[in-house]
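Since every read-out is calculated from the coordinates, none of them should be taken as a lab result. If you're wondering where the values come from, they're calculated on a predicted model, not measured in any experiment. With ideal geometry, Cβ positions are generated from the backbone for all residues, glycine too; neighbour counts draw on all protein chains shown.
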Amino acid sequence: MNPAGALLRLKAVTKRFGGLAALTGVSCEVARGQIVGIIGPNGAGKTTLFNVITGALPATSGEIVLDGQDILDLPPHRIVRRGIARTFQNIRLFASMTVWEHLLVAQPHRDSGIERVLPILADRLARSRAEGVLSFLGLGAVRNRPATSLPYGLQRKVEIARALTLAPKLLLLDEPVGGMNQDEAKEIRTLLIELRGRGVTILLIEHDMPFVMNLCEYLYVLDFGVLIAQGEPASIRRDARVLDAYLGTQD
């Protein structure tokens, strides 16, 4: 990984909950235009790392830099404005909202002079963005259905769609194919590759090792909040520390 090309860079990030260290001195970077994965056993600190990056949890110490700007102490809404959007391990959709409404409700968090000064134009732009995302993810046929009434795989796609309406520089995906069948996972893989081709950098957490190994260009491995390995998938497959901590337990 080349620091000069890093969109996101973490240096010695630590997160403590009282006497418990959830993350200890984690340093990593995500190169612009890549798909990077974070793997490790349950409880390794992967989702905690996402929460710290997005400001949902304050880091105890360390540095987090996005596109050359320090975001460590920013609140979540300002981090979104800087260009980070995310999905969650557990689907978070509103039972009372349609798919279309989910895509519109996310967008007022964008920081734009047009949206403040010309709200009618801003509304048109928001609808245009939502239409584009619906088309890209193939959700047009279910746009007016309650999002929580959809099959599980489509609900996952709605979460991704909602994040994409923010036009992120960096998309964080927490187990994007968790619970999906092989065909659904294959479709998500194709979508993520196309997103990268459109200039979106992706950082993902995932337990599906075939999915990760066939998609990600670079991997970081966490265990008990400590970064134990990093490298291209081929090298991670052979790393004795990773095999002992994690991959040795995979099917």
**Prompt:** When we measure straight from the Cα of LYS157, which aspartates and glutamates land under 19 angstrom away, once same-chain ones fewer than 8 places off are left out?
**Reply:** GLU101, GLU131, ASP174, GLU175, ASP183, GLU184, GLU187, GLU194, GLU206, ASP208
**Asked** In degrees between 0 and 90, to the nearest 10, how far off the longest principal axis of the chain does helix 152-164 point, with axes built from Cα atoms?
**Response** 80 degrees
**Item:** Counting DSSP beta bridges with both ends in the chain, the antiparallel % (nearest 5)
**Value:** 55 percent
**Prompt:** Residue-wise, which Karplus ³J(HN,Hα) couplings in Hz belong to the range 10-16, taking 6.51 cos²θ - 1.76 cosθ + 1.60, θ = phi - 60°, and x for glycine or proline?
**Reply:** 10, 10, 6, 6, 10, 10, 10
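If you scale each eigenvalue of the Cα gyration tensor by 5 and take the root, what three semi-axes come out for the range 86-167, rounded to whole angstrom and sorted largest first?
Details: eigenvalues 104, 32, 23 Å².
Semi-axis lengths for the range 86-167 are 23, 13, 11 Å.
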**Prompt:** Can you give the angle from 0 to 90° between the axis of helix 182-197 and the longest principal axis of the chain, with both taken from C-alpha atoms, to the nearest 10?
**Reply:** 80 degrees
**Asked** Which listed residue (TYR220, ILE71, GLY40) has the Cα farthest towards the positive end of the charge dipole for the chain, taking +1 on Lys and Arg C-beta and -1 on Asp and Glu C-beta about the Cα centre?
**Response** ILE71
**Item:** Extreme residue, positive dipole direction of the chain, given options SER135, ALA240, GLY5 (C-beta unit charges)
**Value:** SER135
**Message:** At q = 0.13 Å⁻¹, what log₁₀ I(q)/I(0) does the range 144-251 have when each alpha carbon counts as one equal point scatterer in the Debye sum?
**Reply:** -0.55
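To the nearest µm²/s, what D does Stokes-Einstein give for the chain at 20 °C and 1.002 mPa s, using the Kirkwood radius over alpha carbon pairs as Rh? Mind showing how you got there, number by number?
Details: Rh = 18.8 Å.
Using the Kirkwood radius from Cα pairs, D works out to 114 µm²/s.
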**Item:** Cα-based reach from LYS15 at 18 Å (exclusive), listing lysines while leaving out same-chain residues under 8 positions away
**Value:** LYS46
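What is the magnitude of the charge dipole of the range 86-167 about its Cα centre, with +1 placed on the Cβ of each Lys and Arg, -1 on the Cβ of each Asp and Glu, and no other charges, expressed in debye to the nearest 20?
On the way: 12 positive and 6 negative charges, 31 e Å.
The dipole magnitude comes to about 140 debye.
Please report, in debye to the nearest 20, how large the charge dipole of the chain is about its Cα centre when each Lys and Arg carries +1 at its beta carbon and each Asp and Glu carries -1 there. Intermediate results must be reported in sequence, preceding the final value.
Details: 29 positive and 25 negative charges, 132 e Å.
So the dipole magnitude of the chain works out to roughly 640 debye.
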**Request:** Would you please give the residues with an amide H less than 5 Å from that of ARG16, counting only those at least 5 places away or on a separate chain, with H modeled from the backbone geometry?
**Result:** ALA22, THR60
**Fill in**
Along the range 139-147, Karplus-curve 3J(HN,Hα) (6.51, -1.76, 1.60; θ = phi - 60°) to the nearest Hz, with x for Gly and Pro, reads 9, x, 5, 10, 4, 9, 8, x, 4
**Karplus-derived HN-Hα couplings along the range 30-47 (A = 6.51, B = -1.76, C = 1.60, θ = phi - 60°), whole Hz, x at Gly and Pro** = 10, 6, 4, x, 10, 10, 10, x, 10, 10, x, x, 4, x, 6, x, 5, 5
**Prompt:** How far is helix 119-137 tilted off the main Cα axis of the chain, in degrees rounded to 10, range 0 to 90?
**Reply:** 60 degrees
**Complete:** For ALA31, the residues 5 or more places away or on another chain with a placed amide H closer than 5 Å to its own amide H are LEU7
